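Asks: Before I ask anything, here is the structure I am working with.
Readers should treat all values here as calculations from the given coordinates under stated rules, not as data from a laboratory. The structure displayed is predicted, hence computed values, not measured ones. Every residue, glycine as well, gets a Cβ built from its backbone with ideal geometry; the counts of neighbours run over all protein chains shown.
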Amino acid sequence: MTNEQEKYENLKYFIESYFNWSMDYTDLGKLIEEYEERESSLHVDGLVQEIKEISELRNWEEIKDFVYLHGRRNLSNKKIEQMIELFMVKLTDFK
């Protein structure tokens, strides 16, 4: 898992700093917007690349474990997929 942790470093930062266990899932859209406003374009672009890769790989079980490990959130694969789609809508031109 160490390789995956390094691979999704920007997602890890987002989960630990913005989407941590104290935040409600319904706030996710607002948190993504806040992240985009506050963070450097380097970090935002890095997160976008990670999200695009996850979206292409559709490795929901792996990302589910990753989110639990770093955010202590036990989300279903469907919620993980919806989360990634929301990132795509908020951070890219994907509609």
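Asks: Given an 8 Å cut-off on Cα distances and at least 6 residues of separation, report the relative contact order of the chain as a percent. Don't skip to the end; give the middle numbers.
Replies: Working: 75 pairs, mean separation 33.0, N = 95.
Value for the chain: 35 percent.
Asks: Please list, in order along the stretch 14-30, the HN-Hα scalar couplings obtained from phi with the Karplus expression 6.51 cos²θ - 1.76 cosθ + 1.60 (θ = phi - 60°), rounded to whole Hz, x for Gly and Pro.
Replies: For the stretch 14-30, the Karplus curve yields 4, 5, 6, 9, 10, 9, 6, 4, 7, 9, 7, 4, 5, 8, 4, x, 5 Hz.
Asks: Classify the stretch 24-78 as rounded, prolate or oblate, taking a ≥ b ≥ c as the square roots of the eigenvalues of its Cα gyration tensor: rounded when a/c is under 1.5, otherwise prolate if a/b is larger than b/c and oblate if not. Before the final figure, lay out each step's value.
Replies: On the way: a/c = 2.11, a/b = 1.30, b/c = 1.63.
The shape class here is oblate.
Asks: What are the residues whose amide H is under 5 Å from the amide H of ARG73, where those residues sit 5 or more places off or on another chain and H is modelled from the backbone?
Replies: It is TYR68, by chain and number.
Asks: When the expected Rg is taken as 2.2 N^0.38 Å, what fraction or multiple of it is the alpha-carbon Rg of the chain?
Replies: On the way: Rg = 12.0 Å, N = 95, 2.2 N^0.38 = 12.4 Å.
Here the answer is 0.96, to two decimals.
Asks: Oh, and also: List the chymotrypsin sites (Phe, Trp or Tyr not before Pro) in the stretch 63-95 that DSSP assigns to loop (not H, G, I, E or B) and whose Cβ has at most 14 other Cβ atoms within 10 Å. Which are they? Walk me through the numbers on the way to the answer.
Replies: Numbers: sites: PHE66, TYR68, PHE87, PHE94; in loops: PHE94.
Loop-located and lightly packed - PHE94.
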